[in-house]
Amino acid sequence: MPKRTVAVVDGNSLVHRAFHALPPTMTAPDGRPTNAVFGFVSMLVKMVGDLKPDGVVVAFDRGKPAFRTEVMERYKVHRKPMADELRVQFPMVREVLDALGVPVLEVEGWEGDDILGTLAERAKAEDVNALLVTGDRDALQLVDDDVSVVSTRKGITDIVVYDREGVIERCGVPPERIPDYLGLKGDTSDNIPGVPGVGEKTAARLVSEHGSLEAVLEAASGIKGKLGENLREHAEEALASREVATIRRDLPLEVDLNAVRWGDWDPRAVLETFNRFAFTTLVDRVFASAEAAAGAPPSPAPAAAEPSVGPPPVSVLGGPEALRRLRERLAAEPGSWVGAALDDGAGETLFPGERTLAAAYAEETLVCAGGDARAAAVALVRSGRAASGDVKGLLRVACAPGDDDHDCVAAAEVDAPRLFDCGVAAYLLQSNRPSYDLPRLTEEHLGRRLPEPGDPGGRAAARARSAAELRPVLREKLERDGSAEVFDRIEMPLAPVLVRMEDVGVGIDCEVLDALTSELAGRIGALRDEIVSLAGVEFNPDSPKQLAEVLFEKLQLPVGKRTKTGYSTDSSVLQALAPSYPVCARVLEYRELTKLKSTYIDALPRLLGGDGRLHTTFNQTVAATGRLSSSNPNLQNIPIRTELGRRIRAAFVPAVPGDLMVTADYSQIELRILAHLSEDQGLIEAFTSGADFHAATAARVFGVAPEDVDAEGRRRAKAVNFGIVYGISAHGLSESLGVGRAEAQEMIDRYFAAYPRVREYLDRVVAEAHRDGYATTVFGRKRHIPELASSNWNLRSFGERTAMNHPMQGTAADVMKLAMIEVDRRLREEGFASRMVLQVHDELVFESPAGEVERLGALARDTMSGVASLAVPLVVDVSSGPDWASAK
C-alpha cells in the first residue's frame, strides 16, 4: 500500500509572499484587503492539484524562540514592522483554513520553521512522506528520503520541489550541511551575520572541501588572504549563526499525520467563507481538488490548441501621419468600428516613454503618441464607434486638458453610449467571473495571447487589435443572450458619468480624521487592556485561536459553534454572548474600531490626490448583482448607523467654502420592487397607504391594530421584511433577532400568510431559474447561476437564494444607474454648478452651492422617482448639511 503524503505549509512565509506578489487593490466586499489571502489559497490549491497530498496542515509563527534571541540578540530585529494591510489578513487566512478543515499548528515562543522540522521528523517516524511548503530556504536542511521542500520559483503558483539532489544542485551542499553553509554565508533577511566576505559559492566550496563548519574553522589558519583572516576573526559568529539557522525538530505537537485529510470539510462553510471574501473563482478549483483527492475521475473537457501569441501581422503607422490618417478614416467611414487601446509607453517600441494610443482597423493599426494620443482619443470618442478594453480610460484621456480648443468634457459626452467596452460586455454575459481584462478575453474568444511588455509592435497596438476583433464577437453574444439593451441603455451611457464623478472627487477634512486617529488610538489601547483584564490573562485579542482558548477554555463561556479545528470566534458567536459577557462586547468593539481605523481613518489622508480631494474608482464589473462598487478607497462599507461611522462621514465635506453636501436616498427600494414584482395587494397597500411600512407589516404579521405596534414589533417586522429580500432562513432570522428558531420560523410563516403572493412569486422565480439557468431584473439584466445545476446541496441552495434576490437587488442597481445617467444629464443641461460626487448603496451624494440646494433637491426627487414606473411609488429622501454625516 503506498505511503501517505502530507503537505506541511509554512503559513507566514506563503502569506508574506502572496501579499507582495499580488496587487493591493484586491478587497473583500466589506473593504478589507484580500490579496494575501487570495494568493495563499491559490498557492495551496495549485500545490494540492500538482502534488496531490493526502492531507494538509499549516504552521504559523508564534513569537521568536528564546534560544535564538539569546544566542544572537539582533535576530530578526531589523525587520520592518508588518504592514497593517498584511496584518489584518492573517485572521482571514485562518478563517479560510478553518472552513477547509485544515489543522493550524502554533507553539508559543516558536517559529513555523521549527514546526516544519518537527513534523518532518514525525513523518519519518510514522512512515509518511512530507512536503514542506515554504519560501524560506533554511528549510532545505530538512530534506531527506521521505521529506521534500516545495518552494515558489516565480510569483505564487510556479512551484519547484527540492529533493536531496535538488538541494545539492541549488546550494552546492547536501541538506545536512545547510546549517554549516548558512553559518558561513549568513542570512540578511533574518539578520544572521555569518562571516564577512563569504557568499553562497564560497560557503558551498568551503563546506564541500572540509566537510563541516568546525573543519572549515580549524583549517582557517592555513587559508591565506582576507578570507582566512575573516574566518579566524569571526569564528564565534559563524558558530552562533549556525545555531540560529538550525531548525529544531522536537517541539511538543498534537497532530496525527495519518488522520489529516484534504477535502474533509463542510461544503456550506467553504461556500459561505469564500463568498464572504468574494473568492468565487476559487470555489470550483477547491471542490475539484477535493474530488481529485477522493479519486473521482476528472470531468472530460475538449482538447484545445495552445493559444498563439499576439495578433496577426498588420501594417503599423506611427507619428503625426497616424493621427491624420485616423481622422480621415473616421470621417470617410462613419459607420465602421475601430479598436482602441492606451498604453503608457513602457511597452512600446515606436515611442518609448510616451503615452500612446493605438487604433486598429482590419488591415492597419495606427499608433499615436504624446499630445497626438489625446487628440486621437477625442476623435475616437466623438466618433462613437470605438471598441476598447477600457472605455473609461479612453474617455479620461479625451477629457484631459490639451493645447487645442476642444472642450474636453464635451468630448466625453458626445455619443459615449455608442462606445463599446469589451470588459463590460463580458461582465453582462457572465457576472460572477473574477476578471474581464483584455488578455483573458483575447485568449478565451480569439484563441491567442497578447504580447508581454517589451514585445515587438507594442502592447497598445496588440490590445487595440484585440478590441476590434472582440467587439463583433461579444456584440453577437449580447444579442443572443438578451443583454444588449442593458449594455446600450444602462452600462455604456453610465461610463462618462462615472468618469466625471471620479475626476471631480470629494472633499476631505483631514483635521477631523487626525482628531479621530488620536482619539481611537487611546480607545483601542484602553479596550485592549480592558479585554486582557477581563480575561485575567495576557493574550493577543487579534488572534482568533488565542481568543478562543481564553473564552472557551479558560473562562468556560458557552460554546456557540465549533469549527474543524476548534472554537469559532466570529461576530455572530460574540454577538450572541455579548449581552451576558462583557469581554465579548469589548472584543466586538475592539474589532470594529481597529478595522475602521486602518481601513478609513488612517488610510483616507494617504489617498488624497494632488488637488487635495479624494478620487475613488467606481467599478462596473465587480458586483455580480449589477451594483457599482468602489475601490481605492472602498466607500461602500463605512457604517451608517454607528457613531464612529457617522464621524468618519463627517470628514467628507465640500471643497468649496460655503457649499453644502446634499444626499438623495431611495427609501426601501428593494422592498418596493418586491411589491411590484409579486403584485401582492397587501404589500402594495402597505406602501401606498401612507402609513409607516414596517409598522403596517408588523400589524399584519402579528395580528394587532397599527396603533398598537410598539418599537419592538416594528423592529422585528423590519428584520423580516429585509430578510425576505435576501432569502433569510429561520436560523438567520433567529440570530438576527435573538429569538428561538421556532419563533423565527413562525414569524416567517406569518409574513407569507399576510403576503401570500410574495411566497408564490419567490417560488416561481426559483423554478424559472432552475429551468433557464438564470434570473432576470425588470430591465433585463441576467445573472447566470451555475450553482443551480450543482449536485452539492449547499451550492444549489446558494443558487436558489441568488435567484430569489437578484430580481430585487439587480433591479435596484438598474434603477440607480438610470437615475445617475438622467441626473447627470439634467445637471449639465440645466446649468447647475452642483456636482454629483458619490454613489453609495441607494444614495447619491452631491456638493452644492447653498443657493442651489432647494432646486437640486427638487431635481433629484423628480428624476430619481421617475426613472422607473412601478406598482408603488419610488420615494426619494433628500437632505443637506455642511458634511456628509449631517446631510444624511
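Need pairs with beta-carbon distance below 6 Å; first residue surrounded by fewer than 22 Cβ atoms within 10 Å (Cβ to Cβ) and within the range 230-243, second not in a helix (DSSP H, G or I); sequence gap 6+ or separate chains.
Correct list of pairs: 230/195; 230/196; 230/197; 237/193; 240/72.
Check 208, 212, 148, 221 and return the single one that is within 28 Å of residue 36 (Cα to Cα), among the polar types (S, T, N, Q) and open to solvent by 20 Å² or more (accessible area, probe 1.4 Å).
From the options 208, 212, 148, 221, the qualifying one is 148.
Give the residues of the range 480-522 that are under 17 Å from residue 606 (Cα atoms), surrounded by fewer than 14 Cβ atoms within 10 Å (Cβ to Cβ) and of a type in the set (D, E, K, R), sorted by residue number.
Answer for the range 480-522, where residues must be under 17 Å from residue 606 (Cα atoms), surrounded by fewer than 14 Cβ atoms within 10 Å (Cβ to Cβ) and of a type in the set (D, E, K, R): 511, 514.
Is there any pair with a first residue in the range 170-188 that is over 12 Å from residue 247 (Cβ atoms) and open to solvent by less than 30 Å² (accessible area, probe 1.4 Å) and a second that is part of a loop (DSSP other than H, G, I, E, B) and of a type in the set (S, T, N, Q) whose Cβ atoms are under 9 Å apart and which are 6 or more apart or on different chains, and what are they?
So the pair list comes out as 180/212; 183/246.
How many residues does the range 540-562 hold that are touching a residue at least 40 places away in the same chain (Cβ under 8 Å), buried (at least 18 other Cβ atoms within 10 Å of the Cβ) and not in a helix (DSSP H, G or I)?
2
I need the full set of residues from the range 100-110 which are touching a Lys or Arg at 6+ places or on another chain (Cβ under 9 Å) and open to solvent by 10 Å² or more (accessible area, probe 1.4 Å), in order please.
Correct list: 101, 103, 104, 106, 107, 108, 109, 110.
Looking at the range 489-507, can you tell me whether even one residue there is within 30 Å of residue 886 (Cα to Cα) and touching a Pro at 6+ places or on another chain (Cβ under 7 Å)?
Yes; the residues of the range 489-507 include at least one that is within 30 Å of residue 886 (Cα to Cα) and touching a Pro at 6+ places or on another chain (Cβ under 7 Å).
Could you give me the residue pairs with C-beta distances under 6 Å whose first residue belongs to the range 191-211 and is part of a helix (DSSP H, G or I), whose second residue is at pLDDT 85 or above and open to solvent by 60 Å² or more (accessible area, probe 1.4 Å) wherever it lies, and which are 6+ apart or on separate chains?
207/177
Can you tell me how many residues within the range 526-539 are free of Cβ contacts under 8 Å to residues at least 40 places away in the same chain and either open to solvent by 30 Å² or more (accessible area, probe 1.4 Å) or part of a loop (DSSP other than H, G, I, E, B) (or both)?
Number of matching residues: 7.
So, in the range 567-613, of the ones that are in contact (Cβ under 8 Å) with a residue 24 or more places away in the chain and in a strand (DSSP E or B), which residue ends up nearest to the chain's Cα centre (by Cα)?
The extreme case among them is 608.
Just to verify a result, which residue in the range 373-415, among those that are modelled with pLDDT of 90 or more, buried (at least 22 other Cβ atoms within 10 Å of the Cβ) and not aliphatic (A, V, I, L, M), is farthest from residue 474 (Cα to Cα)?
Only one residue tops the list, namely 392.
Residue check, residue 252 against (1) surrounded by fewer than 15 Cβ atoms within 10 Å (Cβ to Cβ); (2) under 42 Å from the mean Cα position of the chain (by Cα); (3) in a helix (DSSP H, G or I), all met but one. Which one?
(3)
Would it be correct to say that residue 594 is closer than 30 Å to residue 802 by Cβ and either crowded, with 16+ Cβ neighbours inside 10 Å or in contact with a Leu (Cβ under 6 Å, 6 or more places away or on another chain) (or both)?
no
The values are calculated or read from the model by the stated rules, or taken from the named source; none is laboratory data. Please read all numbers here as calculations on a predicted model, not as lab measurements. Because the Cβ atoms are built from the backbone with ideal geometry, glycine has one as well, and the counts that use them run over all protein chains shown. Just the protein is used for accessible areas: all its heavy atoms, side chains included, with ligands, DNA and RNA removed. Shrake-Rupley method; radii C 1.70, N 1.55, O 1.52, S 1.80 Å.
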